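Derivation of every value follows stated rules applied to the coordinates shown; laboratory data play no part. Bear in mind the structure is a predicted one, so any value in this text is a computation, not a measurement. Here Cβ is always computed from backbone atoms with ideal geometry, including for glycine, and neighbour counts include all displayed protein chains.
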Amino acid sequence: MPHIVFDKFNKELVTPLKKEDVSFDFIAKSYNFTEKIRKTEYKICVEKENKKFLLTLKEKDENYLLKADKVTRVTPVQLVKDALNDYANEVEANIIFSNTQDSNQKVRPTQKYLKDIDYFINDFKTDKEIQIEIGFGSGRHLIHQAKENPDVQFIGLEIHTPSIEQVLKQIKIQELDNILVVNYDARLFMEFINSNKVGKIFVHFPVPWDKKPHRRVYSNAFINEALRVLKLEGTLELRTDSRKYFDYCTELLTNLNSGRITIDINKDLPISSKYEDRWKKQGKNIYDVILSCNQEDEDINLDYNFSFDEDIEYDKIIETLSTKAVVKDDYFIHIEDLFTIEEKKNSGLIQITFGSFDRPLSKYILIEEKKARYFQDLPLPTSANMKAHNKLKEMLK
Ligand SMILES: C[S@@+](CC[C@H](N)C(=O)[O-])C[C@H]1O[C@@H](n2cnc3c(N)ncnc32)[C@H](O)[C@@H]1O
């Protein structure tokens, strides 16, 4: 983590300050909540190469520590290092330690087939049928399907990084161009996929989570989202060795108002996964539960409004805001920290974590002279984030 330690500075940085290739927009100072007295900390807003982010400056022992703010971190890391150096130069810091000089930092090549979630929100388009595999693990099944069905666009979801890396290697070696891989929780991913577009969703050997059922992939909400994205006659396909998980899923599925479900025991598939081989050796039964979609749904609207319409009397409400989390059934809001911009009235930063419990989002809200907006970019357009945003608006009234 790039950082600079200095024991004194000889010049005050006055914002806004614009230099050739960097600008410092504002400096916000930590606000002391009554329940949380701590050392003063500053958030310095930098703009470099059209990217805005924050640096953190705080006292550490007898010195000052300058580093990147985690929530707003940008890539490549060299940009952050340069910004740290720019600040230190500007205040004429007397540097004791620095690891920001290495400009030969290797930038990871962009992965053609590894996409982040923003890609699916803003750019993903295909005329092909989509098929999704959830928790692809070693990827044997995903790769087999992609080879057999070159006209289908596959999306592989996985949260285990080594599995992702392994499958990306295979995709490259086997020169497959119809798989996109996403490191994202499958329970939340489908919110971003258009309705009636998906031919098949494979969930093979999901973790049964017997002791933590809330972590299971299958739930009423997941099944409903699956039915929305599936096209007519599209299928949600569970394959499991766990009798408990099989019972749990068949109960959920048989409580649907309508639908067709087929169940197979010990059905052979053309490809067998690592897990499957292990369970078969142990003589365990393998259950397939396939739900066919018999409905067509309206398209989703990802055009959520994340604006703050009303003026925010930040100087007044700052005294009433609390770091105690607001927890609702399907979302939460936690105000982590507050900062004020001393040169301007009713201005500052609110650091929050909010949204769904499974995929909380960390962000800053920037308030400048009563006008608030999310710093850097808007939250992902999910229903949990929208609910949290609406609650937040109420809290900031
Ligand atoms: C038991 S392994 C099965 C892997 C593979 N399907 C197979 O049959 O060999 C379950 C996989 O699901 C992944 N997984 C668990 N929860 C997930 C979630 N919410 N979203 C995406 N992947 C998940 C795990 O990381 C793990 O690789």
Rounded to 0.05, the calculated FRET efficiency for the beta carbons of Asp330 and Ile95 at R₀ = 56 Å is 0.70
Table column - 3J(HN,Hα) (Hz), region 320-334, Karplus curve with 6.51, -1.76, 1.60, x for Gly and Pro: 9, 6, 10, 8, 6, 5, 9, 10, 10, 4, 10, 7, 8, 9, 10
Charge-dipole axis of region 240-397 as Lys and Arg at +1 and Asp and Glu at -1 on Cβ define it, positive-most pick from Thr240, Asn255, Tyr304: Thr240
Under 5 Å between amide hydrogens, which residues at least 5 positions from Asp337 or on another chain qualify, with H placed 1.01 Å from N in the peptide plane? Gln351
Ranking of Thr340, Thr161, Thr262 by count of other Cβ atoms within 10 Å, fewest first: Thr161, Thr262, Thr340
For region 3-98, what does the equivalent ellipsoid look like in terms of its semi-axes, each the square root of 5 times an eigenvalue of the Cα gyration tensor, given largest first in whole Å? 21, 16, 13
GNM on the chain, C-alpha springs below 10 Å: top fluctuator among Arg373, Arg359, Arg38? Arg38
Percent of Cα-Cα pairs more than 27 Å apart in the chain, please. 60 percent
Going 7 Å from the Cα of Gln282 in the Cα-to-Cβ direction, what parts of region 230-252 have a backbone nitrogen less than 18 Å from that spot? 239-248
For a protection proxy built on the mean count of beta-carbon atoms within 10 angstrom, sort 349-356, 208-215 highest first, please. 349-356, 208-215
Run lengths n ≥ 4 of DSSP H only: what is the helix-derived mean residue ellipticity at 222 nm for the chain, with -39500 (n - 2.57) per run over all residues, to the nearest 500? -6500 deg cm²/dmol
Could you tell me the convex hull volume per residue, in Å³, taken over the Cα atoms of region 90-197? 170 Å³
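For region 114-292, with only Lys/Arg (+1) and Asp/Glu (-1) charged at the beta-carbon, what is the dipole magnitude about the Cα centre, in debye rounded to 20?
580 debye
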Quote the FRET efficiency, to the nearest 0.05, computed for Leu17 versus Lys112 with a Förster distance R0 of 35 Å and r equal to the Cβ-Cβ distance. 0.35
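How big is D for region 1-160, in µm² s⁻¹ as a whole number, if Stokes-Einstein is applied with the Kirkwood radius of its Cα pairs at 25 °C and 0.890 mPa s?
Translational diffusion coefficient: 128 µm²/s.
Return the tail of the calculated pair distribution for region 314-395, meaning the percent of Cα-Cα pairs more than 18 Å apart.
Summing the P(r) tail past 18 Å for region 314-395 gives 38 percent.
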Can you tell me which of 48-56, 323-331, 308-316 comes out highest on packing, and rank the rest after it, using the mean Cβ neighbours within 10 Å? 48-56, 308-316, 323-331
Stretch Leu65-Lys244 to full length: gain in nm at 0.36 nm per residue minus the Cα-Cα span? 59.2 nm
What ranking do Phe205, Phe97 get, fewest neighbouring Cβ atoms within 10 angstrom at the top? Phe97, Phe205
Assign unit charges at the C-beta atoms only (+1 for Lys and Arg, -1 for Asp and Glu), then state the dipole size of the chain relative to its Cα centre in Debye, rounded to the nearest 20. 1120 debye
Exposure proxy ranking, count of Cβ atoms within 10 Å, fewest first, for Met395, Met1: Met1, Met395
How big is region 114-292 along each principal axis, measuring the range of its Cα positions in Å and listing the largest first? 38, 38, 29
Give, rounded to the nearest 20 debye, the magnitude of the charge dipole that region 190-326 has about its Cα centre when Lys and Arg contribute +1 at Cβ and Asp and Glu contribute -1 at Cβ. 1380 debye
What is the set of long-range amide H partners of Gly234 at a cut-off below 5 Å, with H atoms built 1.01 Å from backbone N? Cys293
